[in-house]
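Reading through the structure tokens given below for one structure.
The values are calculated or read from the model by the stated rules, or taken from the named source; none is laboratory data. This is a predicted model, so every value here is computed, not measured. With ideal geometry, Cβ positions are generated from the backbone for all residues, glycine too; neighbour counts draw on all protein chains shown. Side chains are part of the model used for accessible areas, which takes the heavy atoms of the whole protein and leaves out ligands, DNA and RNA. Shrake-Rupley method; radii C 1.70, N 1.55, O 1.52, S 1.80 Å.
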Amino acid sequence: ARTKRLAMAGVAVVALIASLLVLAQGAALTSRAKAKTLQEEMRGVVEMIDWAVQNKIPPWLSNIEPGSQQGVAIVLGQSLKPDGTPSKVLVDRARHAKQLLDEKAVVKVIASGSDPAGVGTTEAEVIRRVLMDNHISKDKIILESQATTTAENAWFALRWIPKGTGKLYIVTSDFHMARANYIFQSVLDYFYTKVEATYKDDPRWQGKAYPRLSVELATVESFCGGDASLSRDSDPHADVTDLSLARRAADELRFLGTHEVSNSLYGPPLSPIQYIWPVQINVSRNSNDAGRFARAMARAMTVATAFCPCRAAPEGKGAELSYPLRVPIPTEPPDGLRIGAWKEVNAHCEARYASPAAAADE
């Protein structure tokens with residue numbers, strides 16, 4: 001009996017070992033299958049990218065051609081509505097880019113923006129749809145679906161500058177242009193100087209300046225309505241598309257004036273926000289920053305002052321007021337104010353859009 005039990009135990013052990021071997025073989029096959037699938041997916045990603053047209057980093061291979069009249073436009077994304085549809089602000093930006101194409105000022109349009117609002121589609125894809133709905137062919141549109149911030153709009157656009165381009169047109173709204181231009185200039189300068197440092201001893205370049213783009217401002221005029229009931233400025237949970245034009249202009253001035261923008265270009269520990277990960281841009285090391293910042297502040301102060309009466313969301317609803325801003329936006333502060341007086345401008349504007357009665361008394 002004991003011998004029989006031992007024999008049966010031996011059979012069970014053999015069966016267990018056999019089962020484990022089968023499982024191990026199956027796991028190995030599954031692992032190899034997964035690895036093969038991943039390799040195929042990665043190969044697909046690589047093949048999707050047209051590596052021949054992307055901009056090259058070495059300066060002698062760069063697609064940028066200083067002095068060239070050839071332009072490319074970049075349409076900066078704007079948060080989509082919760083249902084994934086574009087705001088009037090974003091549609092107007094895309095249509096302005098179409099105008100640049102029609103005028104032959106640009107040869108391509110970069111539609112830029114990911115899905116920071118988490119609505120299930122990217123801002124870039126929506127911009128492309130608007131352009132195609134306005135009879136722009138798909139081959140004229142470059143899709144850039146990574147950017148979550150204005151700084152990333154600039155950073156990722158550098159990869160897709162068409163060969164022979166000398167001009168980069170920033171297509172964005174009037175209330176956003178001061179900050180956008182400041183960020184673009186800061187990001188581009190950082191890129192140029194970093195690559196110059198990399199290639200300064202390379203005999204193929206011999207320390208020359210990196211090819212630079214001429215940045216052009218394609219300012220899109222916003223709808224200015226005076227009906228405060230058509231905005232949700234007092235709601236802390238309101239979607240950005242429901243905020244008044246006055247509020248959005250005042251916020252833009254505050255972002256610049258408090259140095260949230262310059263600090264966020266660097267990120268922690270200066271700011272909890274990191275505009276481009278893992279890039280840290282210290283604007284204080286740029287000799288051009290003081291003048292650039294002053295011009296950005298002057299523009300933002302001018303915009304905030306001009307848009308004080310625009311208490312409706314810029315969505316085209318209600319009666320439209322006469323457009324109050326002069327474009328191109330001046331680079332001197334309004335009414336002889338100093339840059340340091342930006343808080344007074346903001347306080348006045350915020351008081352006006354927050355209190356319809358105060359606005360009526362003026």
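Only residues that are open to solvent by 50 Å² or more (accessible area, probe 1.4 Å) and either over 20 Å from residue 158 (Cβ atoms) or in a loop (DSSP other than H, G, I, E, B) (or both): list them for region 105-114, please. Let's see the steps before the verdict.
Residues of region 105-114 open to solvent by 50 Å² or more (accessible area, probe 1.4 Å): 107-108.
Once the filter is applied, which keeps residues that are open to solvent by 50 Å² or more (accessible area, probe 1.4 Å) and either over 20 Å from residue 158 (Cβ atoms) or in a loop (DSSP other than H, G, I, E, B) (or both), region 105-114 yields only 107.
The rows are residues; the columns are (1) farther than 25 Å from residue 242 by Cβ; (2) surrounded by 18 or more Cβ atoms within 10 Å (Cβ to Cβ); (3) under 19 Å from the mean Cα position of the chain (by Cα); (4) of a type in the set (Phe, Trp, Tyr).
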| site | (1), (2), (3), (4) |
| --- | --- |
| 73 | yes, yes, yes, no |
| 85 | no, no, yes, no |
| 127 | no, yes, yes, no |
| 130 | no, yes, yes, no |
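Condition first: open to solvent by 20 Å² or more (accessible area, probe 1.4 Å) and outside any helix (DSSP H, G or I). Now tell me which residues in region 87-104 satisfy that.
Passing the criteria: 103, 104.
Are any residues in region 217-247 closer than 26 Å to residue 72 by Cα and open to solvent by 50 Å² or more (accessible area, probe 1.4 Å), and if so, which ones? Give the derivation first.
Here is the first cut: in region 217-247, the ones closer than 26 Å to residue 72 by Cα are 217-223.
Answer for region 217-247, where residues must be closer than 26 Å to residue 72 by Cα and open to solvent by 50 Å² or more (accessible area, probe 1.4 Å): 217, 221.
Show the residue pairs that are 6+ apart or on different chains and have beta-carbon atoms under 7 Å apart, the first residue being within region 183-204 and over 21 Å from residue 147 (Cα atoms) and of a type in the set (D, E, K, R), the second being crowded, with 18+ Cβ neighbours inside 10 Å and modelled with pLDDT of 95 or more.
Partner pairs satisfying both residue conditions: 196/210.
Pick from region 276-292 the residues that are assigned to a helix (DSSP H, G or I) and open to solvent by 40 Å² or more (accessible area, probe 1.4 Å): which of them is farthest from residue 257 (Cα to Cα)? Break it down into steps so the answer makes sense when it comes.
Applying the first criterion (assigned to a helix (DSSP H, G or I)) to region 276-292 yields 283-285, 289-292.
Next cut, open to solvent by 40 Å² or more (accessible area, probe 1.4 Å) only: 284-285, 290.
Numbers: 284: 15, 285: 19, 290: 13 Å.
For region 276-292, the residue satisfying everything is 285.
Residues to consider are 295, 311; find the one that is crowded, with 22+ Cβ neighbours inside 10 Å and more than 17 Å from the chain's Cα centre (by Cα).
Working: 295 fails: crowded, with 22+ Cβ neighbours inside 10 Å.
Exactly one of 295, 311 is crowded, with 22+ Cβ neighbours inside 10 Å and more than 17 Å from the chain's Cα centre (by Cα), namely 311.
Taking residue 210 as meeting all but one of (1) closer than 18 Å to residue 77 by Cα; (2) outside any helix (DSSP H, G or I); (3) open to solvent by less than 20 Å² (accessible area, probe 1.4 Å); (4) of a type outside the set (S, T, N, Q), write down the number of the exception.
Unmet condition: (1).
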